[in-house]
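See structure below.
The values are calculated or read from the model by the stated rules, or taken from the named source; none is laboratory data. On a predicted model such as this, the values are computed, not experimentally measured, just so you know. Neighbour counts are summed over all protein chains in view; Cβ atoms, including those assigned to glycine, are modelled from backbone coordinates with ideal geometry.
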Amino acid sequence: MTERRGLLIILSSPSGAGKSTLARRLREWDPSIAFSVSATTRTPRKGEVNGKDYHFTTTNDFKAQVIEGRMLEHAHVFGNFYGSPIGPVQDAINAGRDVLFDIDWQGAQQIRNSALGAHTLSIFLLPPSIEELHRRLVGRGQDDTATIERRMQKSWDEISHWDGYDFVLVNDDLDATENKLKSIVDATRLRRSQQPGLTDHVRALQAQFEDFS
């Protein structure tokens, strides 16, 4: 069996396009996929658990981690810092485990340009319409009116970076989009760069061929 290297699976979308739901479904489909728990300086929401939902930290500590190179990516969003600690990610992909990132286009770009960029699979989710995007934001009941307005204003900036991703899916049917997402992950796991044992296998075949001849 050829050893497989883990993938960095990036899911990005404007708020309300179904990113969190699809990320959850992807991990239910394959529980071996690790979720990259982001660090953030924002205040925990009701029910959120430190270390599970986010690593909640102070602004000074967050900036120190960035300076020390301990963040794979980071961004400043709605007045707070968010970032992905690099240590757990490196350990997971070296062990052949995929790591899932629920991040914006800025974080995706930083990861693609990092030392781990060759092992990245980036997927952008588009809403079927702006009207539907607004309906979903209101319907989930997580934000007040002012926050929803800010998210709507930011949505086009997010959408405008759709062409920087490996795959783009229009999430007009959640189940259909989930199936497409699974197919993409399955196929990308077989990418040559994810199978470090292939070179040795081909060399062994070459030696066998020479002996056979």
*Scanning for something of a type in the set (F, W, Y) and more than 22 Å from D143 (Cβ to Cβ), does segment 63-80 turn up at least one residue?*
no
*What number of residues in segment 1-25 are surrounded by fewer than 23 Cβ atoms within 10 Å (Cβ to Cβ), farther than 18 Å from R151 by Cβ and of a type in the set (V, I, T)?*
1
*(1) more than 24 Å from R27 (Cα to Cα); (2) touching a helix residue (DSSP H, G or I) at 6+ places or on another chain (Cβ under 7 Å); (3) loosely packed, with under 11 Cβ neighbours inside 10 Å: which one isn't true of D211, the others all being true?*
(2)
_Of all residues making up segment 159-172, the number that are under 18 Å from I9 (Cα atoms), among the acidic types (D, E) and over 14 Å from the mean Cα position of the chain (by Cα)_ = 1
*Which pairs do you get when a residue that is more than 20 Å from A17 (Cα to Cα) and free of Cβ contacts under 8 Å to residues at least 40 places away in the same chain, found in segment 170-199, comes within reach of a residue that is surrounded by 12 or more Cβ atoms within 10 Å (Cβ to Cβ) and among the hydrophobic types (A, V, I, L, M, F, W, C), reach meaning Cβ atoms under 7 angstrom, with the pair 6+ apart or on two chains?*
R192/L198
*Return the total of residues in segment 90-127 being of a type in the set (V, I, T) and at pLDDT 90 or above.*
4
_Among the residues of segment 46-53, are any without any contact (Cβ under 8 Å) to a residue 24 or more places away in the chain and among the β-branched types (V, I, T)?_
yes
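Name the single residue that is nearest to the chain's Cα centre (by Cα) among those in segment 33-58 being of a type in the set (G, A, S) and surrounded by 11 or more Cβ atoms within 10 Å (Cβ to Cβ). I'd like the intermediate steps shown before the answer.
Step one: filter segment 33-58 for residues of a type in the set (G, A, S), giving 34, 36, 38-39, 47, 51.
Then drop every residue that is not surrounded by 11 or more Cβ atoms within 10 Å (Cβ to Cβ), which leaves 34, 36, 38-39.
Numbers: A34: 10, S36: 8, S38: 11, A39: 14 Å.
So the residue we want is S36.
Could you check segment 59-81 and list, in sequence order, the residues that are among the hydrophobic types (A, V, I, L, M, F, W, C), more than 18 Å from V37 (Cβ to Cβ) and surrounded by 12 or more Cβ atoms within 10 Å (Cβ to Cβ)?
We begin by selecting, within segment 59-81, every residue among the hydrophobic types (A, V, I, L, M, F, W, C); these are 62, 64, 66-67, 71-72, 75, 77-78, 81.
Narrowing the set further to residues that are more than 18 Å from V37 (Cβ to Cβ) leaves 64, 67, 78.
Within segment 59-81, A64 is the sole residue that qualifies.
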_Test for F62: is it outside any helix (DSSP H, G or I), farther than 26 Å from E178 by Cα and at pLDDT 90 or above_ = no
*Please go through segment 1-46 and pick out each residue that is over 23 Å from T177 (Cβ atoms), of a type in the set (A, V, I, L, M) and not in a strand (DSSP E or B).*
M1, V37
*Give the residue, chosen from R150, R112, R140, that is closer than 20 Å to T21 by Cα and not β-branched (V, I, T).*
R140
